[in-house]
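Presented below is the structure to which this report refers.
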Amino acid sequence: MIKIKQALFLIFGITSFIIFYIGFLNYITTQDESVGLVILISSAIVSVGTLFATFYISNNITKPIELLAKRMNEFSKNNFITKNSLDDKGILELQTLNKNFEDMAKKVGGALEKEKLLNLNLQEMDTRKTEFMSMISHELKTPIMPIMGYLQMLKKEDMMGKLNEKQLDALNEITISTQKLQKLIQDVLVAEKIDLGKLSVEKEILDAKILVENSYKAFYPICENKDVKLIIILKTSEMVFSDVDRISQVFSNLISNALSFVPEKNGVIEIGTIDNSENVTFFVRDNGIGIPEDMQKNIFKKFYQVDTSSKRKKEGSGLGLSICEGIVRHLGGKMWVESKINQGTTFFFDLPKAKIPLENFKSFKNSKNSKK
């Protein structure tokens, strides 16, 4: 791409050469030597004048344009411009353009500074809000423990006396409600820890197969009781470097979520693993009602509910999937969903494979076999 200055020198340089060349041809071809000399000198003067005019035009046209381009680049990178060093002489239109740009840059720069300051204030407010919520959730958790303790004591005849059937029913309802409140408070605490980046994880080398089997054993009785078929599909059995308790928490939330949406008859939930290059992909698949495509992008947001109607069947705070996604992210993986209406839903999450030397892997396998 050619610059304006180069284009001007090229055009006027060629013009100067043509003028001088014409004068030189007239000088060598004319019969009157004095006339030819006059023409040659005139053409030389015109050529030199053209070159000087080129320098003058270049300084008055290209210099303001180059300065304006430089200031535009400076503003795009730093959001501010240096003081204008251009004098008030020169072409009026270019001076006006430069002045207008300077005014615009000041306004945009001021707006950007205000936006930056506003964002900082919003971030600080959000952090304070998160810390406040975490503190409140922790304080709410404290009185739950004695409540649960006294509820257990009331159920024991030898401690608080015998209760009649009506009193026991009321006590069971209180227990169920207290457990729900305890679960909600715990979810809020975990969600706030994720937002603050304070979620504790303890990574170790884990067998992906055992992780899935443990979740299967934990939920098989529940699924059996609800007449839901729970199936394991293991397409890989690799070692992952992760936190066993956090992964169990993710599986627990996903399977519990699936149980709420599978059909009452012929419900099926599949859990398992897929090999995926440097990661192991875990999944929980159900044959439930599915999630609308336009709602899938918000499914991992806090407090988001697919069914927001007052008659929705599934209870919950809308924190479960957000917590799952946050845990997986803190473990160095990612989570996503695939779903079609009336065809079921599958939640996937990747976890990094354990990178250990071959001799360490053999000793790890041997220690596992010796424990068996």
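Laboratory data are not the source of any read-out in this text; all were calculated from the coordinates shown. Please read all numbers here as calculations on a predicted model, not as lab measurements. Methodologically, a virtual Cβ is constructed for each residue, glycine included, from the backbone with ideal geometry; neighbour enumeration extends over all protein chains shown.
Starting from the Cα of Thr236, move 7 Å in the Cα-to-Cβ direction to define the label point; list residues of the range 274-295 whose amide nitrogen is under 20 Å from there.
274-285
Any idea how far apart Ala53 and Leu168 come out in nm if each label point goes 7 Å out from Cα toward Cβ?
Once both label points are built, they end up 11.3 nm from each other.
Give the calculated FRET efficiency between Ser260 and Ser76 to the nearest 0.05, with a Förster radius of 51 Å applied to their Cβ-Cβ distance.
Numbers: r = 51 Å, r/R0 = 1.01.
According to the calculation, E is roughly 0.50.
Using 19 Å as the Cα-Cα cut-off, could you pick out the over-long pairs in Lys226/Lys301; Lys302/Lys340; Lys235/Lys353; Lys229/Lys301; Lys183/Lys340; Lys180/Lys297?
Values: Lys226/Lys301 29 Å; Lys302/Lys340 22 Å; Lys235/Lys353 15 Å; Lys229/Lys301 29 Å; Lys183/Lys340 30 Å; Lys180/Lys297 28 Å.
Going by Cα-Cα distance, Lys226/Lys301; Lys302/Lys340; Lys229/Lys301; Lys183/Lys340; Lys180/Lys297 fall outside the 19 Å limit.
Kindly state, to the nearest 0.05, the FRET efficiency for Gln152 paired with Asn119, given R0 = 51 Å and r defined as their beta-carbon distance.
0.55
What number, in nm² with one decimal, is the all-direction average of the projected area of the convex hull of the alpha-carbon atoms of the range 204-358?
Result: 9.2 nm².
Kindly list the residues of the range 158-181 that lie in the label zone of Ser248, defined by a backbone N under 15 Å from the point 7 Å along the Cα-to-C-beta vector.
Within reach of a label on Ser248, which here means backbone N under 15 Å from a point 7 Å along Cα→Cβ, the range 158-181 contributes nothing.
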